[in-house]
Amino acid sequence: MRRLKINIENLSKSFSGKNVLKKLNLKVYESESLAIIGESGSGKSVLTKCIDGLLDYDSGFISYDKIRNIKELNSKKKNAYMTKFGILFQNAALFDSLTIEENLRFAKKDCDLSKILVDVSLPKSILQEYPSNLSIGVQKRIGLARAILKDPEILILDEPTTGLDPIIGRQIILLIKKLVKKNKITTITVTHDMESVYEFSDYTAFIKNGKISWYGKSKDILKSRNKPLINFINGIY
Amino acid sequence: MNQFLKKFINYLKKIGDLSFGIFCSIGEIVLFFIECVKYIFLDKFYPKVFLAQLIKIGYNSLPVVGLTSIFTGMVLALQSYTGFSRFSAESAIPNVVVLSITRELAPVLAGLMVAGRSGAAIAAEIGTMKVTEQIDALKTLSTNPYNYLIVPRILAGLISLPFLVFIGDIIGVFGGYLICTQVLNFNPTVYLQNTFNFVQFLDVFSGLVKACVFGFIITFMGCYHGFNAKGGAQGVGMSTTYSVVSSSILILLTNYILTSLFFDL
Ligand SMILES: Nc1ncnc2c1ncn2[C@@H]1O[C@H](COP(=O)(O)OP(=O)(O)OP(=O)(O)O)[C@@H](O)[C@H]1O
Ligand SMILES: [Mg+2]
């Protein structure tokens, strides 16, 4: 039995006259892993930022559990709402004036950090480093650790493998798969990379022209007759 | 004729857009100001960040402010000597030096120097955090960016500028003393007597009040432009330029207003 977690209806968002999302509908179910795919600039990041409250949308609504429309939350409740999400940002977004340890402490004050470091397979010595001294692959693993450490209800991963070489990318995918499947976290992954879709996403939504043009089980993607989706996948491979 | 009308309407439209834009930015700045003031009193205070900013904005600016003040004091003494010796009023030099330094030059020059130094750094740092989504990350990690980033910087500016200016006052007067006693053969004791007997509490105090206001302007403009930076490295560059230009202009403007207010006292 799938339990509805987030319901998005007729969501529209534009930036200075440019419509990015046009009456988009999408449902996210609890403990499932959803992939959002689509061309660059199609509004994937904007969609996730509307969901986690970082961007205000123009019209439509997003409901979350018992919250009817997150746009109507006052600023205090909105801040509380945002903390339900653990987010791995597109470029990790680690605080570069702080050490890795201080970065992780932002997510959780008192806890043993060595366990989470084992989870993302990094040595303990990394804690004293500064983000700018680390490769982007390591930064993304720290970003992932920071997102998971706060025990989020929803995990949002914005292009976890983009900009990494295939081997490191593969490592990150397996890492996410392990963490997501182990903890049964509801996960939304924005990606260009079909391997992440097949490896750990139960469902996939394909975004095109500001709408969800295809939605279904990830393993059914190749059976789809949706022309833009087929083109998109062929373009990638 | 039709052509001319079209051009004229286009011209009007441009003026309209421009004034609309100006009002929009003023509105945004006022809203940002209200938000900042609100969070000075609300929610969490981060003493560690505040101390770090005090050191960055205050302590680390000491060399530039000291250097500016001493040279200004020296030049002031030389120039007023040129003028005053023409009608044998050399004894007024200490008065001119101490008045100009404490009332105008130390606050304004320190303000402009710190705007270039710390205001730009604040805009660049916060702007970079904005465009690399670090500010978004703060929000989802239950940290209010106003409390964490902006309030400590504004308070540090408010507090450190008066200290910097006070030290600048002393160094500036010392610069004048140096030139007069070493180059122009003044009697050191008489010079100091003339200085301290003449200067009033209000002279120094008005300078320090100005410094407070400038400290606020510098850090506020740095935070505002950084917080609204858009679109990558270029956007961050623009935000630092805007922050330095706008705070310099505001410093000169409010300096005039404050001087005329104090002048009436
Ligand atoms: N803050 C903003 N201001 C103005 N326009 C924006 C803003 N954020 C996004 N956009 C625009 O919205 C569109 C969608 O952007 P978005 O970042 O969601 O794309 P994306 O699908 O995540 O692409 P990518 O795969 O490159 O990350 C882009 O055309 C972008 O220019
Ligand atoms: Mg994106």
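Points worth noting:
- The residue of the stretch A:191-200 that is farthest from A:E32 (Cα to Cα), among those that are within 16 Å of ligand 2 (Cβ to nearest atom) and hydroxyl-bearing (S, T, Y), is A:T191.
- The stretch A:95-115, residues that are assigned to a helix (DSSP H, G or I), under 24 Å from B:K48 (Cβ atoms) and of a type outside the set (D, E, K, R): A:I100, A:N103, A:L104, A:F106, A:A107, A:L113
- If you filter the stretch A:4-52 down to residues that are touching a Gly at 6+ places or on another chain (Cβ under 9 Å) and over 25 Å from B:K230 (Cα atoms), you find that the one that is nearest to ligand 1 (Cβ to nearest atom) is A:L24.
Residue-wise test of (1) within 14 Å of chain B (Cβ to nearest Cβ); (2) away from ligand 2 (no atom under 16 Å from the Cβ); (3) buried (at least 16 other Cβ atoms within 10 Å of the Cβ).
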| site | (1), (2), (3) |
| --- | --- |
| A:T161 | no, no, yes |
| A:I167 | no, yes, no |
| A:L174 | no, yes, no |
| A:L179 | no, yes, yes |
| A:T186 | no, yes, yes |
| A:T189 | no, no, yes |
| A:F206 | no, no, yes |
| A:K223 | no, yes, no |
| A:K227 | no, yes, no |
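- Subset tally (residues that are touching a Phe, Trp or Tyr at 6+ places or on another chain (Cβ under 9 Å), away from ligand 1 (no atom under 15 Å from the Cβ) and within 11 Å of A:G86 (Cβ to Cβ)) for the stretch A:150-178: 5
- When A:I148, A:I142 are checked against the criterion of being in a helix (DSSP H, G or I), modelled with pLDDT of 90 or more, of a type in the set (A, V, I, L, M) and under 17 Å from the mean Cα position of the chain (by Cα), a single residue qualifies: A:I142.
- The listed residue being within 16 Å of ligand 2 (Cβ to nearest atom) and in contact with a Leu (Cβ under 6 Å, 6 or more places away or on another chain), out of A:G38, A:G60, A:G43: A:G43
- Restricting B:N147, B:N95 to residues that are part of a helix (DSSP H, G or I), away from chain A (no Cβ under 14 Å), touching a residue at least 12 places away in the same chain (Cβ under 8 Å) and surrounded by fewer than 21 Cβ atoms within 10 Å (Cβ to Cβ) narrows the list to B:N95.
- Exactly one residue among B:F201, B:F166, B:F196 is at pLDDT 95 or above and surrounded by fewer than 19 Cβ atoms within 10 Å (Cβ to Cβ), and that residue is B:F166.
- All of B:G127, B:G175 fail the test of being modelled with pLDDT of 90 or more, within 14 Å of chain A (Cβ to nearest Cβ) and in a helix (DSSP H, G or I), apart from B:G127.
- Pick from the stretch A:57-83, criterion part of a loop (DSSP other than H, G, I, E, B) and within 16 Å of ligand 1 (Cβ to nearest atom), ranking: farthest from B:I135 (Cα to Cα): A:D58
- Residues in the stretch A:84-94 that are part of a strand (DSSP E or B) and aliphatic (A, V, I, L, M) were compared, and the one that is farthest from the other protein chains (Cβ to nearest Cβ) is A:L88.
- All positions within the stretch A:44-83 that are within 18 Å of the chain's Cα centre (by Cα), at the interface with another protein chain (Cβ under 9 Å from one of its Cβ atoms) and under 24 Å from A:R3 (Cα atoms): A:K49, A:D52, A:G53, A:M82, A:T83
The values are calculated or read from the model by the stated rules, or taken from the named source; none is laboratory data. Quantities reported herein were computed from a predicted structural model and do not represent experimental measurements. In this analysis, Cβ positions are derived from the backbone assuming ideal geometry, glycine residues included, and neighbour counts consider all displayed protein chains.
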